[in-house]
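Shown next, in structure tokens, is the structure this report addresses.
The values are calculated or read from the model by the stated rules, or taken from the named source; none is laboratory data. In this text, all values refer to a predicted model and were calculated from it rather than measured experimentally. Glycine gets a Cβ as well: all are built from the backbone with ideal geometry, and neighbour counts include every protein chain shown. To get the accessible areas, we keep the full protein, side chains included, count just its heavy atoms, and leave off ligands, DNA and RNA. Shrake-Rupley method; radii C 1.70, N 1.55, O 1.52, S 1.80 Å.
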Amino acid sequence: MIPEDLQYTKDHEWVRREGDTVRVGVTDYAQDALGDIVFVTLPDTGTQVTAGETCGEIESTKSVSELYAPVTGTVVERNDALDAAPELVNSDPYGDGWMMTIRVGDGADNGGDGALLDAATYQASLDG
Amino acid sequence: MTDPSALRQSPLHERHLALGAKMADFGGWQMPIEYPGGGVVKEHTAVREAVGVFDVSHLGKAVVRGPGAAAYVNEAFTNDLGRITHGQAQYTLCCDDATGGVVDDLIAYLVSPDEVFLIPNAANTAEVVRRLAAAAPAGLEVRDLHDQHGVIAVQGPRSDETLDALGLPTGHSYMSFRAVDWRGQEVVVCRTGYTGERGYELVPRWDDTVALWDAVLEAGEPFGIRPAGLGARDTLRTEMGYPLHGQDLSLDITPVQARCGWAVGWKKPAFWGRAALLAEKEAGPARLSWGLEGLERAIPRAHMTVTTDSGAPAGEVTSGTFSPTRKLGIALALLDPSVTAGDEVLVDVRGRPARFRVVKPPFVTPSTSAS
């Protein structure tokens, strides 16, 4: 089930708008494809990130996958709980397994936003 | 990516699909990597703490039969069949005669002086059979039985209770086997495995494999059995430091380098690769297998470069994974002879140097002893 109230990227991340920040995580499809997640490397708070560029790593027993910034802005929170309990990404990808919040940049910097997908479009991309 | 339709399938293929397993190419076979509701870590833990069941039907099966079959195998493979008696199995190596490189590592079951049953790796079975057949004296038959038998591994501290509940034999000594009639079907039950835990490998006929798999899962339920995929099999064997052919052993890696000298009958007058391996042993290997354990959060993977703490080249990772038991990155690596236990080395993890300690495997103490 894909939550209706979120936006998505083609890299299987989700974005929740919370005022002038967005909360970011990976989708249920992504956690299932990765398998047991054992390390999550997140950017420090204050890091400037650019939409579509790498800002961290998600590593499972089998493989490593990059975390991309879905929007351009400044990291204001990172989910420190994932340092000790990365399995939260598997058990609750849309809740306690969130990765970070980003304060969205102004004007033209807000580049990636146009590339975000709504739930129906993301679902269709998985079905396709 | 190989076309899945070109891959061979286990007799349990439909069972894996029904369970919803993630399937992948392994040695030319389409095999389960992990199961829903499980995953590598849960399946791994079930084997360390209770019992897990693996479909390893992709493993090869072959037989050498005829007068003097065991004597012939003993002149070909490295280990000394004279160390065991009929009803026992032995880990051995098929080496290239010229280089001493490892064609395959395999289990030889000594049935009688005139019959040896072999379990090679899936991808190497045809080559092992080809080499054995090419050199066999007249009167000996070498047959590839790859699709004549399934192989089911029941591994973990509660594997005895699981087999007891089925009426299969248990408690025979490590590396020994019993051929039994089970519900009208012939099954070989061997005290072997690739996990480090106490356990058994069951070899039924191909067509009987589904019934045995179903029975094992049902009998093991009170003991917490889980179907376990090849993902968990890899983390379990890496924690024990057991080599995987194609990574830690290969035509380019000798048993001396891989510390498999214990599986070489050095005093035997003949085995393939003897001259090359004796010379290497005498001169000292150019590189040697070690374990690496993480001093920081990083997972080493095969082919990553290893350097000394001052940055000098030291070797390469051959297998690496996350240890579910230790909760850190572990690896097997071929390292320069100057490196020794206790040294700190750096592994290049995607451009970032990560610190590891050189150790002698195993990385864990199993909850039950395999032997």
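Give just the number: which of (1) within 12 Å of chain B (Cβ to nearest Cβ); (2) open to solvent by less than 30 Å² (accessible area, probe 1.4 Å); (3) within 21 Å of residue A:104 (Cα to Cα) does residue A:37 not satisfy?
(3)
Given B:50, B:89, which one is open to solvent by less than 20 Å² (accessible area, probe 1.4 Å), in contact (Cβ under 8 Å) with a residue 24 or more places away in the chain and out of contact with any Ser or Thr (no Cβ under 8 Å at 6 or more places or on another chain)?
B:50
Do we have residue A:57 as farther than 24 Å from residue B:20 by Cβ and more than 14 Å from every other protein chain (Cβ to nearest Cβ) here? Quick ask: steps written out before the conclusion?
Details: farther than 24 Å from residue B:20 by Cβ: yes; more than 14 Å from every other protein chain (Cβ to nearest Cβ): no.
So residue A:57 fails the test.
Would a scan of region B:328-343 turn up a residue that is part of a strand (DSSP E or B), on the phi < 0 side of the Ramachandran plot and acidic (Asp, Glu)? Spell out the reasoning first.
As a first pass, look at region B:328-343 and keep what is part of a strand (DSSP E or B): B:328-335.
Filter again for on the phi < 0 side of the Ramachandran plot, leaving B:328-335.
From what is left, the residues that are acidic (Asp, Glu) are none.
Within region B:328-343 (the criterion being part of a strand (DSSP E or B), on the phi < 0 side of the Ramachandran plot and acidic (Asp, Glu)), the answer is no, since none of the residues qualifies.
Give region A:77-103 a look and list any residue that's hydrophobic (A, V, I, L, M, F, W, C) and within 14 Å of the chain's Cα centre (by Cα), or say none. If you could, list the steps in order and put the result at the bottom.
If we filter region A:77-103 for residues that are hydrophobic (A, V, I, L, M, F, W, C), which is where we start, we get A:81-82, A:84-85, A:88-89, A:98-100, A:102.
Correct list: A:82, A:88, A:89, A:98, A:99, A:100, A:102.
Pick out the one residue from B:311, B:329, B:315 that is more than 21 Å from the chain's Cα centre (by Cα) and more than 27 Å from residue B:101 (Cβ to Cβ).
Working: B:329 fails: more than 21 Å from the chain's Cα centre (by Cα); B:315 fails: more than 27 Å from residue B:101 (Cβ to Cβ).
That would be B:311, the only listed residue that is more than 21 Å from the chain's Cα centre (by Cα) and more than 27 Å from residue B:101 (Cβ to Cβ).
What is the number of the single condition among (1) surrounded by 20 or more Cβ atoms within 10 Å (Cβ to Cβ); (2) within 14 Å of chain A (Cβ to nearest Cβ); (3) outside any strand (DSSP E or B) that residue B:42 does not meet?
For residue B:42, the exception is condition (1).
Filter region B:9-32 down to residues that are within 13 Å of chain A (Cβ to nearest Cβ) and closer than 23 Å to residue B:162 by Cα, then give me how many there are.
2
Report every pair of residues separated by at least 6 positions or lying on different chains whose Cβ atoms are under 7 Å apart, first residue within region B:227-245 and on the phi > 0 side of the Ramachandran plot, second modelled with pLDDT of 95 or more.
Going by the 7 Å Cβ cut-off, the qualifying pairs are B:241/B:291; B:241/B:332; B:241/B:361; B:241/B:362; B:241/B:363.
Restricting the search to region A:43-84, which residues are surrounded by 15 or more Cβ atoms within 10 Å (Cβ to Cβ), of a type outside the set (Ser, Thr, Tyr) and not in a strand (DSSP E or B)?
A:43, A:51, A:52, A:62, A:69, A:70, A:71, A:79, A:82
Do you know which residues across region B:189-216 are more than 29 Å from residue B:363 (Cα to Cα) and either open to solvent by less than 40 Å² (accessible area, probe 1.4 Å) or of a type in the set (A, V, I, L, M, F, W, C) (or both)? Show your work before the answer.
Filtering region B:189-216 for residues more than 29 Å from residue B:363 (Cα to Cα) gives B:203-216.
B:203, B:204, B:206, B:208, B:209, B:210, B:211, B:212, B:213, B:215, B:216 - these are the residues of region B:189-216 that are more than 29 Å from residue B:363 (Cα to Cα) and either open to solvent by less than 40 Å² (accessible area, probe 1.4 Å) or of a type in the set (A, V, I, L, M, F, W, C) (or both).
Tell me, yes or no, whether region B:294-308 has at least one residue that is more than 14 Å from chain A (Cβ to nearest Cβ), more than 21 Å from residue B:240 (Cα to Cα), surrounded by fewer than 17 Cβ atoms within 10 Å (Cβ to Cβ) and free of Cβ contacts under 8 Å to residues at least 24 places away in the same chain.
no
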